[in-house]
Structure formats: C-alpha cells, structure tokens
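Colleague: The following block contains the structure, expressed as structure tokens.
The values are calculated or read from the model by the stated rules, or taken from the named source; none is laboratory data. These figures come from a predicted structure and were not determined experimentally. Neighbour counts are summed over all protein chains in view; Cβ atoms, including those assigned to glycine, are modelled from backbone coordinates with ideal geometry. For the accessible areas, the whole protein counts, side chains as well, though only heavy atoms, and no ligand, DNA or RNA atoms are used. Shrake-Rupley method; radii C 1.70, N 1.55, O 1.52, S 1.80 Å.
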Amino acid sequence: MTGRDDVYVVGAGIHPFGRHAGMSGLDMAEHATRAALADCGLSWPDVGFAAGGSRSSGRADALVARLGLTGVPFVTVRNGCATGGVALATAAAALRTGEAGIAVTVGFDKHERGAFDSSPANYGLPDWYGRTGMMVTTQYFALRTRRYLHDHGLSERALAMVAARAYRNGAANPLAWRRKPFSEEEVLAADPVNPPLTKYMFCSPGEGAVALVLARGDRAADLCESPVRLASVAVRTRRFGSFEVFSPWLPPHPGESSSRDAAAAAFAASGLAPRDVQVAQIQDTDCGSELIHLAETGLCGDGEQEELLASGATDADGRIPVNTDGGCIAAGEPVGASGLRQVHEVVRQLQGRAPGTQVPGAPRVGFTHVYGAPGVSACAVLTR
C-alpha cells in the first residue's frame, strides 16, 4: 500500500554519459526528460512542478521552451556536484506540501575536457587562492586523502581496489563512459596526478543527463508497476571546522562533515539505518573520496574500508554493493546529472532492471550520497 503523502519515483530516463558531438546539454536533458515521462506513461502537461540544474550548460528552466509552455513552476538549482541531489529534495518537498501531484527533476551538463576552472570570487575566496593552484580540485582531494590514509592506517592499495571495482562495474554498464576494466596494479602504476592519486583514480568531467518523475502516493501505483518510495532525502551544508573543497584553512581537529550530517538526517527521517542498506551509491569524484564517504555515511567505520573492499563486500554480489554502475569514476561526471544518476541506478536496482550488473537477491533498500563544492551534501534513502 502507498500513503497519500509519500513520494515515489515512478519514471526514470537517462542520456548515456560520455562525449556526444553535435548535442548540447539541453538536447541531452530533453532526451532524458522525455524518456522519464514515457517510462510512466505521462507527458509534460501532466507535470505540476519541476526542479533541475546544470553547472556549465545553461539554465534548466529553459527546457520549458522545448517541452511545453504550460506555466509549470520550475526551480533552477546550482549546487556543484550536489545539484541533482538538491533538485531531488526540492521536487520532493513540493509534492509533500501538496503543491503538486507529479514532479520532474532533471540534471545535465556538457563539460570541456580537462579540470574545472572555478573562480575564487564565486566561492568567497581571495584571488591568491586561485593563483596558488588550490582551485584545482585534484589538489584538495589528494591532500584530504593523504591525511585520511595516514590517520586511519589505510594503504594506497585501498584506493586501487575502489578504482578496479568501479571499472569492472562500468565495463558491464552500457550507459557508462569508461568501459575498459583496469587491475589494481594498472591503477597504481598509472601516471600520478596529485599523489597518492593516479589518473585512473579520478572521474572525468563528461556529458550526459538524467531525469526522474516523482509522484505522490495516491498516484504512484497507477503510473508504475514497481514504484520506488523516496523514504527520505536530506541536504546539509558545511559546519565550522569541517575540511571541505575550497577550504583555505583547516583547524588541527576537523569538525563533522556535511556528508556525515546529511546521511544521519536521511537515515533518521527514513526510520532505517546504514546496516539496512542493500545497494548504495557513494560520491566517488576520486577514490579517496569514496573511502572517506563510506565512513561518513555510516556504511562502515573509519579505517575499516580496506578490509571491507578486500573481502568483496562492496562488489555487486557482496554484503553492501557500492556504485554498481561504475560510479563517477567509470560513468564520468556531468556535474548537474551526477546525483540523479545515482538515484536512477538505485531505482533500477530495486526494480530488478538495472542496465548493467544486477544486484542479486531482490534488494529492497537503497541509499545515495552526493557531495558538491563548497561543502554541500545530499543523501537519500529509497525503498521498494
């Protein structure tokens, strides 16, 4: 049975990630949105609320010119890599407050090759921060990873295990960008970017789009054979002392992270706990980030990651499958679409129709976590 005020994912659509010459970000967003609507037998005039975003490819609300000028409320979101997660929370809130019965959330991007070139001023930082090279995020990820490995007794082999599993899963996923598997040895021996991270330990800015259709409980069963309940979604920003991207200083004893706060809030609101999760999507902008976020979200303890990975627990047939579609590392990261890709994959896993490797045993509880600059995290718990 479904509760009237519950929110469900009833439709999902994706434009494959990678490089797509001749297509704009809005082209891919339109493709994903139409696919999501078709997935549940709806059309754009049925939508009562929309939210979405992009980092580099224009305003999401411009999609109404392509989909239909129906007057629908459309909120444009821009929260870095957390854009998709924040858009999801925004759309879900509109349904729970009764503003609409059907909502769409969409994320998309089309990035140039190479690292992002962010303006310090946009993040409240002085020019010197950019001149020293610290706006290049690979340096931040390496600094945080090096400190974490040291503090918790983890080896660089743990980073390679994350990458190797990501590429294995990506090789089986027709929607992923990087579909060539790499061994742990190949990952470790690859060219260094910022030690201890090699080039195969990072995601790549890419192109793609994802859209979801959400419905209130009184509509869900009529629109989808296997609706997936959005049990909770929580968004949190950084607190004093947390070590976040674009942080110009760090106290000797860092405080709690936005990811830890968002995950705790999402689990509390859902009435479930990390031990209940049967399939998870964890932000893996780089391998060190996945290691850290596994602990911050409560899926394991600090320092337990290497043993967890070596045991196969995070593989598709393990106790807690993680990033079953290859994650950011194999799928690539169109920033605006990243958080919604996670939800798309968990929804398909819970429905038993994953496009790549299907988790066995009919999982019923999924979890997603996304993190974006300058310290915004969004987490969701989904159930079937």
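Colleague: Which percent of the accessible area of the chain is formed by carbon and sulfur heavy atoms (probe 1.4 angstrom)? Could you put the intermediate results ahead of the total?
Modeller: Numbers: 7270 of 14430 Å².
The computed percentage sits at 50.
Colleague: For the stretch 242-316, what relative contact order do you get, as a whole percent, if you take Cα pairs closer than 8 Å and at least 6 residues apart?
Modeller: On the way: 45 pairs, mean separation 18.0, N = 75.
Once divided by the residue count of the stretch 242-316, the mean separation gives 24 percent.
Colleague: I'd like the distance between the alpha-carbon centres of the stretch 117-153 and the stretch 346-384, rounded to an integer number of Å.
Modeller: Cα centroid to Cα centroid, the span is 28 Å.
Colleague: Keeping every protein chain present and rolling a 1.4 Å probe, give me the accessible area per residue for the stretch 298-341 in Å². Before the final figure, lay out each step's value.
Modeller: Working: 1120 Å² over 44 residues.
Accessible area per residue: 26 Å².
Colleague: Here is a further query. Below 8 Å, C-alpha to C-alpha, sequence gap of six or more: please give me the relative contact order for the chain in percent. Don't jump to the answer; show the numbers that get you there.
Modeller: Numbers: 970 pairs, mean separation 99.9, N = 384.
About 26 percent, as a whole number.
Colleague: Sticking with this structure for a sec: Given the C-alpha centroids of the stretch 210-256 and the stretch 283-308, what is the distance between them in whole angstrom?
Modeller: Result: 17 Å between the Cα centres.
Colleague: Candidates [x] 68, 51, 34; [y] 52, 48, 40; [z] 72, 54, 38; which is the computed Cα extents along the principal axes in Å?
Modeller: Identified label for the calculated read-out: [y].
Colleague: Given a cut-off of under 8 Å on Cα pairs at least six residues apart, what relative contact order in percent is computed for the stretch 135-258? Could you put the intermediate results ahead of the total?
Modeller: Working: 106 pairs, mean separation 24.9, N = 124.
20 percent.
Colleague: Taking the Cα centre of the chain as origin, sum charge times position over the Cβ atoms of Lys and Arg (+1) and Asp and Glu (-1), and report the length of that vector in debye to the nearest 20.
Modeller: 420 debye
Colleague: Starting from the Cα-Cα distance between Ser155 and Met23, subtract it from 0.36 nm times their residue separation and give me the gain in nm to one decimal.
Modeller: Values: separation 132, 0.36 × 132 = 47.52 nm, distance 4.17 nm.
Net length gain for the segment: 43.3 nm.
Colleague: Sticking with this one: Mind listing the lone cysteines of the chain, meaning no other Cys beta-carbon sits under 4.7 Å from theirs?
Modeller: Cysteines of the chain left without a disulfide-compatible partner: Cys40, Cys81, Cys224, Cys287, Cys300, Cys379.
Colleague: Taking the stretch 157-272 on its own, what percent of its Cα-Cα pair distances exceed 18 Å?
Modeller: Values: 4826 of 6670 pairs.
Tail of P(r) above 18 Å: 72 percent of Cα pairs.
Colleague: Oh, and also: Have a look at Phe108, Phe246, Phe202 and tell me which one the Gaussian network model of the chain (Cα, springs below 10 Å) gives the largest fluctuation.
Modeller: Checking each option, the largest mean-square fluctuation is seen for Phe246.
Colleague: Sticking with this one: For the chain, modelled as a GNM with alpha-carbon contacts under 10 angstrom, which of Val64, Val359, Val245 fluctuates the most?
Modeller: Most flexible of the set in this elastic network: Val64.
Colleague: Averaged per residue, what accessible area in Å² does the stretch 162-232 show with a 1.4 Å probe, protein chains only? Working shown, then result.
Modeller: On the way: 2710 Å² over 71 residues.
I get 38 Å² per residue for this part.
Colleague: Rounded, prolate or oblate: which fits the stretch 233-365 when a ≥ b ≥ c are the square roots of the eigenvalues of the alpha-carbon gyration tensor, with rounded for a/c under 1.5 and prolate only if a/b beats b/c?
Modeller: Values: a/c = 1.64, a/b = 1.58, b/c = 1.04.
Because a/c hits 1.5 or more and a/b exceeds b/c, the stretch 233-365 counts as prolate.
Colleague: Only Cα pairs within less than 10 Å get springs; with that Gaussian network setup on the chain, which residue of Lys180, Lys199, Lys110 has the largest fluctuation?
Modeller: Lys180
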